[in-house]
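Visitor: Sending over a structure as structure tokens; questions will come in a sec.
What follows is calculated from the coordinates using simple rules that are stated; it is not laboratory data. Values in this document were obtained by computation on a predicted structure and should not be read as measured data. Here the Cβ positions follow ideal geometry from the backbone for every residue, glycine too, while neighbour counts run over all protein chains shown.
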Amino acid sequence: MHPSATLGEIAGRLGGELIGDPAAGIDAVGPLESATASTISFLANPLYEKQLASSRAGCVIVAPAFKEAATARGAAIVTPDPYLYFARLTQWWAARTRPLPLPGIHPSAQVDPAAEVGAHASIGAFAVVEAGASLGAGVTVGAHAFVGRDCRVGAGTRLAPRATLMFETVLGERCFVQSGAVIGADGFGFAPDAGRWEKIEQLGRVQIGDDVEIGANSCIDRGATGDTVIADGVKIDNLVQIGHNVKVGAHTAIAGCVGIAGSATIGAHCMVGGGVGINGHLSIADRVVITAATQVTRSIAKAGVYSGLFPFDDNASWEKNAATLRNLHALRERVRALEKKQT
Amino acid sequence: MHPSATLGEIAGRLGGELIGDPAAGIDAVGPLESATASTISFLANPLYEKQLASSRAGCVIVAPAFKEAATARGAAIVTPDPYLYFARLTQWWAARTRPLPLPGIHPSAQVDPAAEVGAHASIGAFAVVEAGASLGAGVTVGAHAFVGRDCRVGAGTRLAPRATLMFETVLGERCFVQSGAVIGADGFGFAPDAGRWEKIEQLGRVQIGDDVEIGANSCIDRGATGDTVIADGVKIDNLVQIGHNVKVGAHTAIAGCVGIAGSATIGAHCMVGGGVGINGHLSIADRVVITAATQVTRSIAKAGVYSGLFPFDDNASWEKNAATLRNLHALRERVRALEKKQT
Amino acid sequence: MHPSATLGEIAGRLGGELIGDPAAGIDAVGPLESATASTISFLANPLYEKQLASSRAGCVIVAPAFKEAATARGAAIVTPDPYLYFARLTQWWAARTRPLPLPGIHPSAQVDPAAEVGAHASIGAFAVVEAGASLGAGVTVGAHAFVGRDCRVGAGTRLAPRATLMFETVLGERCFVQSGAVIGADGFGFAPDAGRWEKIEQLGRVQIGDDVEIGANSCIDRGATGDTVIADGVKIDNLVQIGHNVKVGAHTAIAGCVGIAGSATIGAHCMVGGGVGINGHLSIADRVVITAATQVTRSIAKAGVYSGLFPFDDNASWEKNAATLRNLHALRERVRALEKKQT
């Protein structure tokens, strides 16, 4: 269905040492195990080496260490970082097989006359762009997307259908906001007043750097006073909640279902696993890795890997251990008593 | 407010042994404890037996074992599986009390001329159906719903208002996608490149079988290469995240707030409790039950019930046990030392 | 950019003892540490007292105990509850700096002739209001918002862009529903039938009281039979899931990423921390505080603070403790054996 490419075109465009017939046709990029003779595949993780020999892939992208094994079975492209090569290949592949968004403003869209729309922007059906908003060159606004008043969206940024930017949100260049993401909703702020909650209007904004990706149905709240700030290159998966006044450092990656409470500061180059929670007002150093499902309850001052989850087990074993855990402190006291008697 | 039905009509339509006046009128389906003389209720769980005697329900659906107890207090319908009977009753009730979606295309909708729309389809206000999409007979597309290019939606499937199908998504027959669900957004894939992340374009699709329900604001990502696959009869609750290339087997039920990381394979007839997380690249057998809030960190090869959550307690007790837990390994060493001394 | 206010205006409007020049101009409300000479700030938490002396804020709102420290450095407003004063100040500030929604119905909106729209209501672009819906006076319906048939929305309630109320939902007065929230989707109910799931149509509704706030992309499901009920003054953060037939008592606050399973009953004045899960069919007393990431697996009959999370640690320490935890029950048996030998 997709137009096919030759190995020669691929290597010509993306580099690497091609070993094999440059005229061989490729019509899919895919994993080793389901590859056919017209699939280009890759081996990035040595754990999958045994899949290499049995794969029917027409060509495999490999590191120099696997050159021999790869060429023993067919064509190969040898490159120092096969995974990165694969990433670039997917980009090139998507660019040539996917239709470009139609330039211009769909007749059904509502773009306020007091909004600025850059050259080559594409605005989809039923999109709303309010007064004072500014869209840079080549911005794509999907169907049903909402760009509130006084938002600024940098050049080349794409808003998927149904992405929502509440008023005054600032987005950098080449960002990608997926469907249903809500940026700039009110943070969760209330002052107690004799048993009721008095709303703290959220007067700040959301500021997002360049090359940021935000997943489907994720939320980034506006600051209470001052801004919520997401630095350049941050990648955020789906269904992530980022509270008001959070700061996320450059190139940090945040997996799905993470919740970061208000005013937490996350360093640069961190990796936050799926389902992690981070309490409010904490500070996390650069290059911290937090494994899935950990709840971070105090600041982390040092790079490293941090974890905290209850190991799962069959239900009966878990139940016995959990019951003992409920009396763990008492068990420690019993050990202490035994130790005393022995001395 | 709703048109009432007689017990005779209900039993005539849905079967069961009716004991009582077939002309008695019913105007609500409801739980035993708040039932009135015109409510039909059910007893499925023997734990609620004591509610039976005191309920004012006009009729109670019961299993044969409760026939005597039920008829001692009024009308009853006796059937081998009261809960299933109740399910079918709700379907019948909803069908007769809820207005049908208007057939045809709402004048405000944007349906590309290059989309196929089956007979008796209903497309709501401001819906978007892009080129190459195909909607089967009797499909309902709610207001503000989005059906991207080349999507295929099987006969009888309903998209609630604001459901989103990104391009190339395949949905089977009789599915139900609730509001805000996003199917076919990009998976979370990036290759590291000298401290930055290089996007891996997600070239696969989402393929969903027949009779699948997907909850509000849930997300199912498209495959990186190859497809994300949800088999027939799968039921997914709200705010669930399903990563790229996940496979979910037939008739598996997934409760709210679950996160399933990329390339995990879940068997058929599984039950995944609320808030569960499943790490990527794992494999889970058929008929596995995972209780709420468990994080699954390795594959599960055998049917059974699996758990892993920290038992909650009053804060003071929890804190003492948690503090001991932090030194649990040292405690084990102390026990070992005591054991050595004793031998 | 925003019109500035004088300290005299602020104290005139909101009260408190102003110590300083009433003519001094203020153009921002902000935190102590980034304040400038035209910022009004506040000190609510004595932990931040040391920020007071070094802050460049033009005026600080303080409690009587800090009057001396505050006036030593510049202007101050003295009031018994500075945080509540700050909340009211943000409300006043927002009201004077933010444009009012345009009254009337946007020409692109679809409002059914059989819907009632109260005086001074504002209905945004592409909003849908179905037949039988009723909107009270001064209601705001944002762009792309959806109000299903027979919904009732009380006076002064605001629906942000892309908020969704499914049919028959009842919302009180002065509520705020943020973007992407879905109220009244089907609850997750299925009866097993020989390995398949039979849908239980959800015949109930969602009933929400006055002064309720519901966060972005949160979900509140309609009841199966009978209603899901959220009482007055409840505040719900983003990405929260509330199952069918849940009852939430007045003035309870629920932080982000919480999941409450079906038919749970939560008391009034509770505080539910981020990422908490609550099993179905439980009952939780008034004034219960549940700390972040706790899974509540049984009812709580008494006010108090409850917790249950695995303390996080560096990965190596966690792994050792987790491994021991998997054999905790055996460790207890070993301690018991030691105790026996000693007696």
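Visitor: Can you name the condition, by its number, that C:Asp112 falls short on among (1) within 30 Å of C:Asp21 (Cα to Cα); (2) more than 10 Å from chain A (Cβ to nearest Cβ)?
Guide: Against the list (1) within 30 Å of C:Asp21 (Cα to Cα); (2) more than 10 Å from chain A (Cβ to nearest Cβ), C:Asp112 comes up short only on (1).
Visitor: Contact list please: Cβ distance under 7 Å, first residue in region B:260-271 and within 9 Å of B:Val248 (Cβ to Cβ), second residue among the basic types (Lys, Arg) and assigned to a loop (DSSP other than H, G, I, E, B), pairs at least six apart or on different chains.
Guide: Pairs that qualify, where the first residue is within 9 Å of B:Val248 (Cβ to Cβ) and the partner is among the basic types (Lys, Arg) and assigned to a loop (DSSP other than H, G, I, E, B), are B:Gly267/B:Arg287; B:Cys270/B:Arg287.
Rundown of residues vs (1) touching a residue at least 12 places away in the same chain (Cβ under 8 Å); (2) farther than 21 Å from A:Thr228 by Cα, yes/no style:
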| residue | (1), (2) |
| --- | --- |
| C:Arg13 | yes, yes |
| C:Ile19 | yes, yes |
| C:Leu32 | yes, no |
| C:Ala37 | yes, yes |
| C:Leu47 | no, yes |
| C:Pro64 | yes, yes |
| C:Ala70 | yes, yes |
| C:Asp81 | yes, yes |
| C:Thr97 | yes, no |
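Visitor: Is it true that B:Asp314 is acidic (Asp, Glu) and either in contact (Cβ under 8 Å) with a residue 60 or more places away in the chain or farther than 28 Å from C:Leu328 by Cα (or both)? So that I can check it myself, show each step before the final result.
Guide: Numbers: acidic (Asp, Glu): yes; either in contact (Cβ under 8 Å) with a residue 60 or more places away in the chain or farther than 28 Å from C:Leu328 by Cα (or both): no.
No: the conditions fail for B:Asp314.
Visitor: Has region B:237-248 got at least one residue that is of a type in the set (Lys, Arg), in contact (Cβ under 8 Å) with a residue 40 or more places away in the chain and farther than 27 Å from C:Ile260 by Cβ?
Guide: Start the filter on region B:237-248 by keeping residues that are of a type in the set (Lys, Arg), which leaves B:247.
Imposing the further condition that a residue be in contact (Cβ under 8 Å) with a residue 40 or more places away in the chain reduces the set to none.
No, because not a single residue in region B:237-248 is of a type in the set (Lys, Arg), in contact (Cβ under 8 Å) with a residue 40 or more places away in the chain and farther than 27 Å from C:Ile260 by Cβ.
Visitor: Looking at region A:299-306, is at least one residue touching a helix residue (DSSP H, G or I) at 6+ places or on another chain (Cβ under 7 Å) and closer than 25 Å to B:Gly277 by Cβ? Even if it seems obvious, please write down each step before you answer.
Guide: Initially, region A:299-306 is screened for residues touching a helix residue (DSSP H, G or I) at 6+ places or on another chain (Cβ under 7 Å), giving A:305-306.
Remaining after also requiring closer than 25 Å to B:Gly277 by Cβ: A:305-306.
Yes, that holds for at least one residue.
Visitor: Please return the ranges of strands (runs of 3 or more DSSP E) entirely within region C:198-270 where 2 or more residues are crowded, with 24+ Cβ neighbours inside 10 Å and more than 8 Å from every other protein chain (Cβ to nearest Cβ).
Guide: On the way: elements: C:206-208, C:219-221, C:228-230.
It comes to C:206-208, C:228-230.
Visitor: Going through region B:16-30 one residue at a time, which ones are within 14 Å of chain C (Cβ to nearest Cβ) and within 24 Å of B:Ala69 (Cβ to Cβ)? Write out each step before concluding.
Guide: Filtering region B:16-30 down to residues within 14 Å of chain C (Cβ to nearest Cβ) leaves B:26-30.
Hits for region B:16-30 are B:Ile26, B:Ala28, B:Val29, B:Gly30.
Visitor: Looking at region B:291-304 only, could you name the residues that are more than 19 Å from C:Ala316 (Cα to Cα), surrounded by fewer than 16 Cβ atoms within 10 Å (Cβ to Cβ) and at the interface with chain A (Cβ under 9 Å from one of its Cβ atoms)?
Guide: B:Lys302, B:Gly304
Visitor: Something else: Take region A:144-166 and flag every residue that is within 21 Å of C:Arg98 (Cβ to Cβ) and either of a type in the set (A, V, I, L, M, F, W, C) or within 14 Å of chain B (Cβ to nearest Cβ) (or both). Even if it seems obvious, please write down each step before you answer.
Guide: As a first pass, look at region A:144-166 and keep what is within 21 Å of C:Arg98 (Cβ to Cβ): A:146-153, A:164-166.
Across region A:144-166, the qualifying residues are A:Phe146, A:Val147, A:Cys151, A:Val153, A:Thr164, A:Leu165, A:Met166.
Visitor: Among the residues of region B:167-197 satisfying the criterion of being part of a loop (DSSP other than H, G, I, E, B) and of a type in the set (A, V, I, L, M, F, W, C), which is farthest from the other protein chains (Cβ to nearest Cβ)? If you could, list the steps in order and put the result at the bottom.
Guide: Step one: of region B:167-197, the residues part of a loop (DSSP other than H, G, I, E, B) are B:167-169, B:172-175, B:178-181, B:186-189, B:194-195.
Next cut, of a type in the set (A, V, I, L, M, F, W, C) only: B:167, B:175, B:181, B:188, B:194.
Numbers: B:Phe167: 8, B:Cys175: 11, B:Ala181: 8, B:Phe188: 4, B:Ala194: 9 Å.
Restricting to residues being part of a loop (DSSP other than H, G, I, E, B) and of a type in the set (A, V, I, L, M, F, W, C), the top hit is B:Cys175.
Visitor: Let me spell it out: the conditions are (1) without any contact (Cβ under 8 Å) to a residue 40 or more places away in the chain; (2) within 30 Å of B:Leu43 (Cβ to Cβ); (3) touching a strand residue (DSSP E or B) at 6+ places or on another chain (Cβ under 8 Å), and C:Ala194 meets all of them except one. Which number is the exception?
Guide: Status for C:Ala194: all satisfied but (3).
Visitor: Would you be able to tell me the number of residues in region A:279-323 that are in a strand (DSSP E or B) and under 17 Å from the mean Cα position of the chain (by Cα)? Give the derivation first.
Guide: Restricting attention to region A:279-323, the residues satisfying the condition of being in a strand (DSSP E or B) are A:283-284, A:288-290, A:295-296, A:300, A:304-307, A:313-314.
Checking which are under 17 Å from the mean Cα position of the chain (by Cα) leaves us with A:288-290.
Residues meeting the conditions: 3.
Visitor: What's the number of the condition C:Arg326 fails, among (1) facing chain A (nearest Cβ under 8 Å); (2) within 36 Å of the chain's Cα centre (by Cα)?
Guide: Of (1) facing chain A (nearest Cβ under 8 Å); (2) within 36 Å of the chain's Cα centre (by Cα), only one is false for C:Arg326: (2).
Visitor: Would you point out which residue out of C:Val258, C:Val296, C:Val240, C:Val276 is among the hydrophobic types (A, V, I, L, M, F, W, C) and touching a Phe, Trp or Tyr at 6+ places or on another chain (Cβ under 8 Å)?
Guide: Values: C:Val258 fails: touching a Phe, Trp or Tyr at 6+ places or on another chain (Cβ under 8 Å); C:Val240 fails: touching a Phe, Trp or Tyr at 6+ places or on another chain (Cβ under 8 Å); C:Val276 fails: touching a Phe, Trp or Tyr at 6+ places or on another chain (Cβ under 8 Å).
From the options C:Val258, C:Val296, C:Val240, C:Val276, the qualifying one is C:Val296.
To keep it simple, each residue is scored yes or no on (1) crowded, with 17+ Cβ neighbours inside 10 Å; (2) within 14 Å of another protein chain (Cβ to nearest Cβ).
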site: A:Glu49; (1), (2): no, no
site: A:Ala53; (1), (2): no, no
site: A:Ala57; (1), (2): yes, yes
site: A:Pro64; (1), (2): no, no
site: A:Thr71; (1), (2): no, no
site: A:Val78; (1), (2): yes, no
site: A:Asp81; (1), (2): yes, yes
site: A:Tyr85; (1), (2): yes, yes
